[in-house]
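Undergrad: So that we are looking at the same thing, I have put the structure below in structure tokens.
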Amino acid sequence: MRHLLSKSKYIRGLQCDRALWLDVFHPDLAQYSRETMRKFDRGREFERAFKDLFPDAVDVSAALGRKFDKYAEFTSNELSREGEVNLFEAGFFFDDVLVLADVVHKRADGTLDIYEVKSGSALSDTYRRDAALQHYVISHCQKINSFSIVYNGKLDKSDLSESSDQSEMSDNFKIVNLTAEFAAEHETIARNIAVMKGTISLTSEPDTPTGAHCQTPYECPYQQHCLTGIRDLSLF
């Protein structure tokens, strides 16, 4: 089951169509700064600490590694087991998008509680868009009871929508239930995916110029390539 998009590629596509195309066809051109790599490391450490709260979970990534075409089937089989189930990096596939959920808890009634873990100290729009994509995909595969973002630090109350529910598992982990907000985003997400599929279908690199978007919401790893002025990469 080959996928066209993932969480990271979707976020990349929202930032820049050229970066998305390069991410799919020429990921070898990406150059990440040391600070970006340190952020990745901090994020993995925070995620591991939260996952320690689920000691009996099955880690799908440990079982399958980079066999991404197997994740959805493996996850479906695990969720079909009797009783409650906890999974790390559970895979769900819909609309040519594969998402891997950080933590999934299957409740006794068969519905899912999903936790997307972020190490930042506030809920950014990018965190929300990332998690909303997951909600879109997973809701077409399984029934969701709740979908929450787990983050680190104090949250400004103004960042919460009226439908949000904030709770704490400990001093280190803040949880915000954004299920209703994400459900309302499905039409927008479907349109975004359609546009990105169009970008991926191109046989040559888009000619999108560099600009302020190269730094927002993340520093683009393809800036050095784009600044060379080379725009003639193709699949042939």
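Undergrad: Sort out for me the helices (runs of 4 or more DSSP H) sitting completely within the stretch 1-65 that have 3 or more residues that are modelled with pLDDT of 95 or more and closer than 22 Å to GLY211 by Cα. Explain how you work it out, then say what you get.
TA: Working: elements: 7-15, 17-25, 34-51, 60-64.
Those helices (runs of 4 or more DSSP H) span 7-15, 17-25.
Undergrad: Right, here's the next one. Could you say whether any residue in the stretch 2-9 is among the hydroxyl-bearing types (Ser, Thr, Tyr) and out of contact with any strand residue (DSSP E or B) (no Cβ under 9 Å at 6 or more places or on another chain)?
TA: Keep residues of the stretch 2-9 that are among the hydroxyl-bearing types (Ser, Thr, Tyr), which gives 6, 8.
After this cut, where a residue has to be out of contact with any strand residue (DSSP E or B) (no Cβ under 9 Å at 6 or more places or on another chain) as well, the list is 8.
Among the residues of the stretch 2-9, at least one is among the hydroxyl-bearing types (Ser, Thr, Tyr) and out of contact with any strand residue (DSSP E or B) (no Cβ under 9 Å at 6 or more places or on another chain), which makes the answer yes.
Undergrad: Condition check: part of a helix (DSSP H, G or I) and touching a Lys or Arg at 6+ places or on another chain (Cβ under 9 Å). Does TYR71 satisfy that? Outline the logic, then answer.
TA: Values: part of a helix (DSSP H, G or I): yes; touching a Lys or Arg at 6+ places or on another chain (Cβ under 9 Å): no.
No, not satisfied.
Undergrad: So for the stretch 58-79 (the condition being within 29 Å of HIS225 (Cβ to Cβ) and in contact with a helix residue (DSSP H, G or I) (Cβ under 7 Å, 6 or more places away or on another chain)), does at least one residue qualify?
TA: no
Undergrad: What is the number of the single condition among (1) small (Gly, Ala, Ser); (2) at pLDDT 95 or above; (3) touching a strand residue (DSSP E or B) at 6+ places or on another chain (Cβ under 9 Å) that SER119 does not meet?
TA: SER119 satisfies all of (1) small (Gly, Ala, Ser); (2) at pLDDT 95 or above; (3) touching a strand residue (DSSP E or B) at 6+ places or on another chain (Cβ under 9 Å) except (2).
Undergrad: Looking only at the stretch 74-90, how many residues end up being part of a helix (DSSP H, G or I) and exposed (fewer than 12 other Cβ atoms within 10 Å of the Cβ)?
TA: So the first thing to find is which residues in the stretch 74-90 are part of a helix (DSSP H, G or I), and the list is 74-79.
Then keep just the ones that are exposed (fewer than 12 other Cβ atoms within 10 Å of the Cβ); that gives 77.
Count: 1.
Undergrad: Any residue at all in the stretch 116-139 that is assigned to a strand (DSSP E or B) and more than 17 Å from PHE40 (Cα to Cα)? Let's see the steps before the verdict.
TA: Applying the first criterion (assigned to a strand (DSSP E or B)) to the stretch 116-139 yields 116-117.
Still in the running and more than 17 Å from PHE40 (Cα to Cα): none.
Checked the stretch 116-139: no residue is assigned to a strand (DSSP E or B) and more than 17 Å from PHE40 (Cα to Cα).
Undergrad: Considering every residue within the stretch 51-67, establish whether at least one is out of contact with any Phe, Trp or Tyr (no Cβ under 8 Å at 6 or more places or on another chain) and closer than 19 Å to LEU4 by Cβ.
TA: Looking for residues that are out of contact with any Phe, Trp or Tyr (no Cβ under 8 Å at 6 or more places or on another chain) and closer than 19 Å to LEU4 by Cβ, one finds at least one in the stretch 51-67, hence yes.
Undergrad: Additional query: Based on this model, can you work out whether PHE50 counts as more than 19 Å from ASN192 (Cβ to Cβ) and surrounded by fewer than 18 Cβ atoms within 10 Å (Cβ to Cβ)? If you could, list the steps in order and put the result at the bottom.
TA: Details: more than 19 Å from ASN192 (Cβ to Cβ): yes; surrounded by fewer than 18 Cβ atoms within 10 Å (Cβ to Cβ): no.
So PHE50 fails the test.
Undergrad: Right, here's the next one. Out of everything in the stretch 98-155 that is surrounded by 18 or more Cβ atoms within 10 Å (Cβ to Cβ) and of a type in the set (Gly, Ala, Ser), what residue ends up being farthest from VAL24 (Cα to Cα)?
TA: SER148
Undergrad: Separate question: Inside the stretch 170-213, can you point out the residues that are among the basic types (Lys, Arg) and over 17 Å from HIS140 (Cα atoms)?
TA: Quick first cut of the stretch 170-213, residues among the basic types (Lys, Arg) only: 174, 191, 197.
LYS174, LYS197, listed by residue number.
Undergrad: Counting only residues that are polar (S, T, N, Q), modelled with pLDDT under 60 and in a loop (DSSP other than H, G, I, E, B), how many does the stretch 145-199 have? Walk me through how you get there before you give the answer.
TA: Of the stretch 145-199, the ones polar (S, T, N, Q) are 145-146, 148, 152, 158, 161, 163-164, 166-167, 170, 172, 177, 179, 188, 192, 199.
Among the residues that remain, those that are also modelled with pLDDT under 60 are: 158, 161, 163-164, 166-167, 170.
Imposing the further condition that a residue be in a loop (DSSP other than H, G, I, E, B) reduces the set to 161, 163-164, 170.
Of the residues in the stretch 145-199, 4 are polar (S, T, N, Q), modelled with pLDDT under 60 and in a loop (DSSP other than H, G, I, E, B).
Undergrad: Loosely packed, with under 12 Cβ neighbours inside 10 Å and of a type in the set (Ser, Thr, Tyr): is that true of SER33 in this structure?
TA: Details: loosely packed, with under 12 Cβ neighbours inside 10 Å: yes; of a type in the set (Ser, Thr, Tyr): yes.
When the stated conditions are applied, SER33 passes them.
The values are calculated or read from the model by the stated rules, or taken from the named source; none is laboratory data. Keep in mind that what you see is a predicted model, and the values were worked out from it rather than measured. For neighbour counting, all protein chains shown are included, and Cβ atoms are generated from backbone atoms with ideal geometry for every residue, glycine included.
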